[in-house]
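What follows is one structure encoded as structure tokens, with my remarks underneath.
The values are calculated or read from the model by the stated rules, or taken from the named source; none is laboratory data. If you're wondering where the values come from, they're calculated on a predicted model, not measured in any experiment. Every residue, glycine as well, gets a Cβ built from its backbone with ideal geometry; the counts of neighbours run over all protein chains shown. Areas reflect the complete protein model, heavy atoms only, side chains present, ligands, DNA and RNA absent. Shrake-Rupley method; radii C 1.70, N 1.55, O 1.52, S 1.80 Å.
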Amino acid sequence: MRRKANLASAGLILSALAAAAPASAGDIVYWSMWNDQEPSAKQITALAQQYMAAHPDTKIHITFNGRQNQVKARTALTGGTTIDLIDGELDNLAGGLVAAGQTEPFDALLASAGPDGETKFADLFLPSALDVAKHNGVVYQIPYDYNPYAFYYNRKMWSDAGVKEPPKTWDELLAALEKVKAAGHNGLAVESDAGVYNIKYLTYMLERTLGPDFLMKAVEDKTGETWKNPAVLAAMKNLRVLWDKGYVPAESKGYQWPAAQQTVALGDTSAELVGSWLPIELADTAGPDFQWGTFPFPIVAGKGDPSHVEVLLVSYVLLKDSKVKPEAEDFIKFMLSKGSQQAYSANALRPAVNKSVVWPKPLSDAHAIATGATLVMAEDDGVKAKYPDYVSNILEAVTNKAFLGDLTPEQFVDELSSRTKTYWASK
């Protein structure tokens with residue numbers, strides 16, 4: 001899902017082009033992050049049509065902008081374009097429209113009755129999903145698409161290699177990958193240009209060994225000294241073992257997305273640390289008989305909790321200047337109802353956030369991770385939403401260089417420390 005930003009979008013509108021036919025009073029103007037040919041867009045369109053059939057006084061004008069949706073929307077809002085509802089990746093919205101104070105809070109909506117008889121709307125969400133939707137303690141986003149970051153693997157390949165149970169510890173993971181390698185397969189798929197994926201090795205390693213608050217503390221330490229914690233050096237050394245032992249094939253350093261993930265679908269590579277869109281993206285190549293399994297990032301040296309899960313959520317925000325707040329909130333409730341979410345999950349092969357929904361079979365293990373989560377972490381433990389420039393220019397860039405072997409673990413620590421100090425000195 002993250003890399004679909006390269007696709008073009010025609011900007012499908014249900015009733016009329018927003019620029020050409022302004023919405024009437026009571027109509028909802030909705031701009032979406034999906035490309036119009038993606039299954040999610042098609043299912044959202046079908047659900048919106050269903051809603052309009054039941055609410056003939058409301059028209060929903062949907063523009064599918066692709067992954068640049070928020071950028072396009074903010075530009076359009078500056079020019080006076082009317083937009084009521086926007087969806088996008090939660091962390092991007094948190095660092096953009098929400099942080100800019102352009103969105104409505106949802107606490108009152110969440111306290112109201114749910115669409116399927118719940119005492120509170122908030123009661124229908126998967127555990128802790130709303131915790132990461134808060135800004136300064138207030139919920140400004142309603143998630144509807146839930147993607148846990150975990151290892152997605154070829155269950156049959158692992159079983160044939162003699163791995164009968166998913167690893168629960170880092171050492172067990174290395175042992176499993178050794179068996180896969182001995183059976184003649186590549187262990188892990190890595191795209192050299194996908195720093196947004198590869199950073200998850202580090203964020204999980206640090207979360208497991210130093211706790212979920214460490215990353216933010218390190219980023220916000222203006223001296224850069226927190227990065228010199230010995231566990232940070234140990235984390236990168238652990239990650240380089242994956243390469244040194246050949247569990248990540250050497251040619252991965254030259255892979256450009258989607259080369260590595262295609263090797264998973266073709267049965268050459270056993271697993272990838274990524275979000276739950278992987279089985280969806282690879283469905284046509286892998287085929288219906290591919291046996292997908294999923295397991296959380298393991299504990300490391302006896303530390304950490306595998307029920308702490310980093311997630312990418314797709315969510316709704318309601319613009320502060322919207323004149324159709326009641327209509328938009330009613331539509332959001334409809335889209336989060338069990339029926340709508342089950343249709344979305346089944347027909348778009350997406351992971352729903354409504355806890356009553358059964359996810360598609362390839363995502364059944366991922367669903368178990370979501371339902372068993374005791375702590376849901378925003379991307380990069382919240383750093384991406386709060387300091388997006390730091391993540392893209394420093395954290396992802398430096399980590400990816402070290403992960404790919406262009407920096408030693410010692411150089412990795414030094415560069416993070418010095419660049420963090422420089423970053424804050426320039427503020």
Can E89 be described as of a type in the set (D, E) and either surrounded by fewer than 22 Cβ atoms within 10 Å (Cβ to Cβ) or farther than 24 Å from L312 by Cβ (or both)?
no
Answer yes or no: is there a residue in the stretch 243-255 that is assigned by TED's automatic domain parsing to the domain that holds L395, in contact with an Asp or Glu (Cβ under 6 Å, 6 or more places away or on another chain) and at pLDDT 95 or above.
yes
Checked against (1) under 21 Å from D123 (Cβ atoms); (2) touching a Pro at 6+ places or on another chain (Cβ under 8 Å); (3) surrounded by fewer than 20 Cβ atoms within 10 Å (Cβ to Cβ); (4) among the small types (G, A, S), A346 satisfies every condition except (1)
All positions within the stretch 68-82 that are crowded, with 21+ Cβ neighbours inside 10 Å and either in contact (Cβ under 8 Å) with a residue 60 or more places away in the chain or in contact with a helix residue (DSSP H, G or I) (Cβ under 7 Å, 6 or more places away or on another chain) (or both)
Q70
Flagged in the stretch 42-71 as of a type outside the set (S, T, N, Q) and not in a helix (DSSP H, G or I), in numbering order, are H55, P56, D57, K59, I60, H61, I62, F64
Filter the stretch 280-311 for residues that are surrounded by 23 or more Cβ atoms within 10 Å (Cβ to Cβ) and either among the polar types (S, T, N, Q) or under 28 Å from I86 (Cβ atoms) (or both) and give the result.
T294, V309, E310, V311
Give all pairs with beta carbons closer than 6 Å in which a residue from the stretch 409-427 that is under 13 Å from V219 (Cβ atoms) and hydroxyl-bearing (S, T, Y) meets a residue that is open to solvent by 90 Å² or more (accessible area, probe 1.4 Å) and modelled with pLDDT of 95 or more; count only pairs at least 6 apart in sequence or on separate chains.
S417/K228
Check every one of the helices (runs of 4 or more DSSP H) wholly within the stretch 309-427 and list those with 3 or more residues that are among the charged types (D, E, K, R).
325-336, 409-425
Just one of A265, A231, A271 is in contact with a Leu (Cβ under 9 Å, 6 or more places away or on another chain), open to solvent by less than 40 Å² (accessible area, probe 1.4 Å) and more than 30 Å from S364 (Cβ to Cβ); which is it?
A231
Pairing a residue in the stretch 173-184 that is in contact (Cβ under 8 Å) with a residue 60 or more places away in the chain with any residue that is of a type in the set (A, V, I, L, M) and in a loop (DSSP other than H, G, I, E, B), where Cβ atoms lie under 8 Å and the two sit 6 or more apart in sequence or on different chains, gives V180/A161; V180/V163
Return yes or no: is P388 open to solvent by 10 Å² or more (accessible area, probe 1.4 Å) and in the same structural domain as V132 (by TED's automatic domain parsing)?
no
